Amino acid sequence: MKSVLLLFSLFAFNTKPVSLLVIDMNGKTPPRHTTEFSMEQYLSRHFPIYASDLKVVINATVQAAKLIDRKPPCEAVDTIAAAHTLIIIHTECANGKELTVRYVTKIEEQNFLCDFEVLKKAEDFRAAQEKLIDFASYLSQ
């Protein structure tokens, strides 16, 4: 029994810290790597992406820009899964055709969701695409 408890404690306390990329939602500072992320950081306009998911998130961002090029219909909601991050593209037509793009990352270790609205009610779809491509470049820094 003692050996089982010892083995369990080795696995429970020997987990690797998770590497995260923390993004400034205002885009004023370059992304930085960390092993911890708190709700306080999120509330101070920082957004996490798992470092291991970075290439997938960048590719999904480019895919979202291409999706916008197809001019989604009114009241459409598209999602692109990028490992721990989900990209949500919402098109609405109440006040003209508007596009909102959100990123949602689930932080498994603390069991909370972080939401980042990259585009909010953008009417110029070409400018929205450019902003997403710029965001993908920002992530690549």
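Assorted remarks:
- Residue order, fewest to most surrounding Cβ atoms within 10 angstrom, among Ser52, Ser140: Ser140, Ser52
- Reachable aspartates and glutamates, given that their alpha-carbon falls under 15 Å from the alpha-carbon of Lys66 and they are not under 8 places away in the same chain: Asp78, Asp124, Glu130, Asp134
- Ordering Leu67, Tyr138, Thr100 by the projection of their Cα atoms onto the charge dipole of the chain, which places +1 on the Cβ of Lys and Arg and -1 on the Cβ of Asp and Glu, puts Tyr138 at the extreme positive end.
- Loop trypsin sites (Lys or Arg not before Pro), the range 54-105 (other Cβ atoms within 10 Å of the site Cβ: 11 or fewer; DSSP): Arg70
- From its DSSP helices (H runs of at least four residues, each -39,500 (n - 2.57)), the chain gives a residue-normalised ellipticity at 222 nm of -10500 deg cm²/dmol.
- Coil-residue GluC sites (Glu not before Pro) of the range 30-76, DSSP, other Cβ within 10 Å capped at 15: Glu36, Glu75
- Entry note: the range 2-139 has Rg to Rh equal to 1.09, where both radii use alpha-carbon atoms and Rh is the Kirkwood radius.
Coordinate-derived values only; no laboratory data. Here the structure is a predicted model, which means the values were calculated and not measured. Here the Cβ is made from the backbone with ideal geometry for all residues, glycine too, and neighbour counts use every protein chain on show.
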